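> There's a structure below that I have some questions on.
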Amino acid sequence: QVQLVESGGGLVQAGGSLRLSCAASGRALRNYAMGWFRQAPGKDREFVAYIDWSGTSTGYADSVKGGFTISRDNAKNTVYLQMNSLKPEDTAVYYCNADAFAYGKSWAPGKYWGQGTQVTVSS
């Protein structure tokens with residue numbers, strides 16, 4: 001099993017940037033494809049970004065393409081989400097997920113979740 005802990009959330013003005021980190025313990029992160037998902041108040045949890053185990057393949061939700069970048073450092077057992085040009089609609093709790101997989105035209109979560117980190121973008 002793998003345990004995930006997110007960090008890096010906070011309050012930022014529209015147009016600003018944040019970098020989220022997801023640190024893993026337990027089983028090595030290199031064994032997993034990883035994803036970021038988010039849940040805004042009153043909405044379902046949705047896919048944000050995906051990265052395969054090696055870091056060579058990535059995918060993004062249409063709503064964040066061009067603004068967000070997912071990356072990973074397997075030596076540090078950490079996955080990142082760089083978020084630029086943030087908008088108020090990006091406000092949500094962001095969750096790291098291990099064992100994400102392709103599903104239709106998007107990606108679905110695996111069974112391992114972090115506790116989430118709050119991102120709030122003010123207008």
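Taken together, the values in this text are just the output of simple stated rules run on the coordinates, not laboratory data. In this text the structure is predicted, and so the values were computed from the model without any measurement. Counting neighbours? That spans all protein chains shown, and the Cβs are built from the backbone with ideal geometry, glycine included.
> Where does the charge balance sit around SER21 when Lys and Arg score +1, Asp and Glu -1, over other residues with C-beta under 14 Å from its C-beta?
Net charge around SER21: +1.
> What residues qualify as long-range amide H neighbours of ARG27, i.e. H under 5 Å apart, gap of 5 or more or another chain, H built at 1.01 Å from N?
Residues meeting the amide H criterion: VAL2, GLN3.
> While we're looking at this one, here's another question. Hey, in the GNM for the chain with a 10 angstrom Cα cutoff, which one of ASP52, ASP62, ASP90 fluctuates hardest?
Most flexible of the set in this elastic network: ASP62.
> Take each of the peptides 78-84, 26-32, 68-74, average the number of other beta-carbon atoms within 10 Å over its residues, and list them starting from the highest.
78-84, 68-74, 26-32
> Separate question: Working only with C-alpha atoms, what are the Rg and Dmax values of the chain, expressed in angstrom?
13.3, 40
> Looking at the chain as a GNM with Cα springs under 10 Å, which of GLY15, GLY59, GLY104 has the largest mean-square fluctuation?
The residue that fluctuates most here is GLY104.
> Tell me which aspartates and glutamates have Cα within less than 19 Å of LYS76's Cα, excluding those fewer than 8 residues away on the same chain?
By straight Cα distance, LYS76 reaches GLU6, ASP52, ASP99.
> Give me the percent relative contact order of the chain, please, defined on Cα pairs under 8 angstrom at least 6 residues apart.
That works out to 35 percent.
> Then there is this: Rounding to the nearest 20 debye, state how big the charge dipole of the stretch 27-123 is about its Cα centre with +1 on each Lys and Arg Cβ and -1 on each Asp and Glu Cβ.
Result for the stretch 27-123 is approximately 200 debye, rounded to the nearest 20.
> Count the net charge of all other residues whose Cβ sits under 14 Å from the Cβ of ASN77, scoring Lys and Arg as +1 and Asp and Glu as -1.
+2
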